Amino acid sequence: MPEAKPCIGILTSGGDCPGLNAVIRAVVKTSVRLNYDCVGFLRGYEGLIEPVSYLPLNRRNTAGILTQGGTILGSTNKGRFSATVGEDQRISIDPAILDQVATTVRQLNLCGLICVGGDGSLAIAQQLFEYGIPVVGVPKTIDNDLGATAFTFGFDSAVATATDALDRLHTTAASHERVMVLEVMGRHAGWIALHAGIAGGADVILLPEIGWTYENVCSKVLRRDAAGKNFTLIVVAEGASLPDGGLVADVNTSQQQVRLGGVGELVAAEVGRRLHREVRTVVLGHLQRGGNPTTFDRVLATQFGAHAVGLIHQRRLGEMVCYRPPDIDSVPIAEAIGGLSRVDPNGSAVKAARALGISLGDCPDLVSPFAVPSASKCEDAPLPTP
């Protein structure tokens, strides 16, 4: 009886994003060329335990998925594998569940399991690895907040969606002389808000990393009015704290993460109250997760998938592929989940935003970051044109 071929498994966990199918396709195509069978587990980690659910993957049933959004394997951020409750709070997985996973791995002759997910999902992968399960990680999050990689796939697609929304809001805001507030995703990091705000010509960008005040936001609106620009676009990340330090969220006492959202409505209401004018809010929500991946995300996701198989083939287990321009590299998963990637208040993108006259809400009057020693300090300087 011929010996069974070694098999590579893959699962997609956590929130969906554009590019997941590109990873799956790359894993399958690369595995076949190295003479591995391939299976995909359904609904993330849940597919690994009773009732075990998986799909044999081949070139035929993964043909044409490169450009498709979502994931053909399904995903979940709930269930029996909850690993994260907010930042830096880890939950240990029940050893009985880990034993079930190990049994599935043995029965399917898996030589490696590729886990595609964000920090919470990769924290689960790390626990599996510590239990002796042959795991490799692929970073996935539209927030781009995972440490050890310059970019995660899904981020560029989310920024494109948010930028398109700003382009559309720009015309209607100008037509009706309104202040428009766009709330975008970004739990711990404001990368989407910052990049989309710059690309979409926002006037104010509010981030989790930079404190802000209503006085400074309103000052920007009034100064635009005085310059004859009777509309203003404000972008706010869902994780941006209010001036009093509070977060806007649905409190959930279960083991799931707190669901953020609603800061845009509060900003709009307070700015409208203070300025006695009409302010409208748009919350993009899950629109940022849906749709087809951008060209950049297709290329990055494809490279991640191919190199993940390479790590398994080279027996470099417990590592996560990462993007260190211009190359794909790898780091231990434990290192990758050890810290989040946040916007640097004095980084080049923030400096560029300030140089363009975009308000970050922390200064009463805009100053050029190239005219003062520190971009994060508001010092006396001539008032620039809004």
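Just so you know, all these numbers are worked out from the coordinates, no wet-lab data involved. In this text the structure is predicted, and so the values were computed from the model without any measurement. Cβ placement follows ideal geometry from the backbone for every residue including glycine, while neighbour counts extend to all protein chains displayed.
Using only Cα atoms, tell me the angle between helix 20-33 and the longest principal axis of the chain; keep it within 0 to 90° and round to the nearest 10.
30 degrees
Using only the alpha carbon atoms of the stretch 146-233, find the Kirkwood hydrodynamic radius as the inverse mean reciprocal pair distance, in angstroms to one decimal.
Every distinct Cα pair counted, the radius reaches 14.0 Å.
Which cross-chain or sequence-distant (5 or more) residues have an amide H under 5 Å from the amide H of Cys38, H modelled 1.01 Å from N in plane?
The answer is Ile8, Leu57.
If you place +1 on the Cβ of every Lys and Arg and -1 on the Cβ of every Asp and Glu, how big does the dipole about the Cα centre of the chain come out, in debye to the nearest 20?
Taking the Cα centre of the chain as origin, the dipole is about 1020 debye.
With label points built 7 Å along Cα→Cβ from the Cα atoms of His176 and Glu215, find their separation and express it in nm.
It works out to 3.1 nm between the two label points.
Taking the Cα centre of each part, how many Å lie between the stretch 106-130 and the stretch 187-236?
Their Cα centres are 40 Å away from one another.
Go through Gly9, Leu42, Val23 and say which Cα lies farthest out towards the positive end of the charge dipole of the stretch 1-58; charges sit on Cβ, +1 for Lys and Arg, -1 for Asp and Glu.
Farthest towards the positive end: Val23.
Given Cα positions, please report Rg to Rh for the stretch 307-352, the hydrodynamic radius being the Kirkwood one.
Expressed as Rg/Rh, it is 1.14.
Tell me the Kirkwood radius of the chain: reciprocal of the mean inverse pair distance over distinct alpha-carbon atoms, in Å.
22.0 Å
Exposure proxy check: Leu266, Leu233, Leu48 ranked by fewest other beta carbons within 10 Å?
Ordered by Cβ neighbours within 10 Å, fewest first: Leu266, Leu233, Leu48.
On a full-extension model of 0.36 nm per residue, what is the gain between Lys78 and Arg59, subtracting their alpha-carbon distance, rounded to one decimal in nm?
3.8 nm
Mind listing the phi-derived Karplus ³J(HN,Hα) values for the stretch 286-301, rounded to whole Hz, using 6.51, -1.76 and 1.60 with θ = phi - 60°, and x for any glycine or proline?
Using θ = phi - 60°, the values come out as 6, 4, 6, 8, x, x, 7, x, 5, 4, 4, 5, 5, 5, 5, 4 Hz.
Indicate, rounded to the nearest 5 percent, the antiparallel portion of the DSSP beta bridges found entirely in the chain.
In the chain, approximately 30 percent of DSSP beta bridges are antiparallel ones.
Kindly write out, for the stretch 263-272 in residue order, the coupling ³J(HN,Hα) from the Karplus curve 6.51 cos²θ - 1.76 cosθ + 1.60 (θ = phi - 60°), rounded to whole Hz, with x marking Gly and Pro.
Result, rounded to whole Hz: 5, x, 5, 5, 4, 4, 5, 6, 5, x.
What is the dipole size for the stretch 279-367, taken about its Cα centre, with +1 at each Lys and Arg Cβ and -1 at each Asp and Glu Cβ, in debye to the nearest 20?
220 debye
Let me know the number of lysine pairs in the chain closer than 18 Å at the Cα, not counting same-chain pairs under 8 apart.
Lysine pairs meeting both conditions in the chain amount to 6.
Just rank Asp94, Asp244, Asp119, fewest to most, by other beta-carbon atoms within 10 angstrom.
If I rank by nearby Cβ atoms, fewest first, I get Asp244, Asp94, Asp119.
Taking 8 Å as the Cα distance limit and 6 or more residues as the minimum spacing, I'd like the relative contact order of the chain as a percentage.
21 percent
In the chain, with Lys and Arg counted as +1 and Asp and Glu as -1 at Cβ, which of these residues, Val159, Gly305, Leu222, has the Cα nearest the positive end of the dipole, that is, farthest along it?
Gly305
What are the ³J(HN,Hα) couplings of the stretch 64-78, residue after residue, when phi is run through the Karplus curve with 6.51, -1.76, 1.60 and θ = phi - 60°? Round to Hz, x for glycine and proline.
Residue by residue, the stretch 64-78 yields x, 9, 3, 8, 7, x, x, 8, 5, 8, x, 7, 7, 10, 10 Hz.
List the residues whose amide H sits under 5 Å from the amide H of Ser330, counting only those 5 or more places along or on another chain, with H placed 1.01 Å from N in the peptide plane.
HN-HN under 5 Å from Ser330: Cys322.
So the label point goes 7 Å from the Cα of Ala96 along Cα→C-beta, right? Which residues of the stretch 16-55 then have their backbone N under 18 Å from it?
So the set is 46-52.
About the Cα centre, and with charges only on the beta carbon of Lys, Arg (+1) and Asp, Glu (-1), how big is the dipole of the stretch 143-198? Nearest 20 debye, please.
Dipole about the Cα centre, nearest 20: 80 debye.
Skipping prolines and chain starts, which residues have an amide H placed within reach, meaning under 5 Å, of the one on Tyr54, given they are 5 or more residues away or on another chain?
Leu42
Ranked by Cβ crowding within 10 angstrom, fewest neighbours first, how are Lys29, Lys229, Lys78 ordered?
Starting with the residue having the fewest Cβ neighbours, the order is Lys78, Lys229, Lys29.
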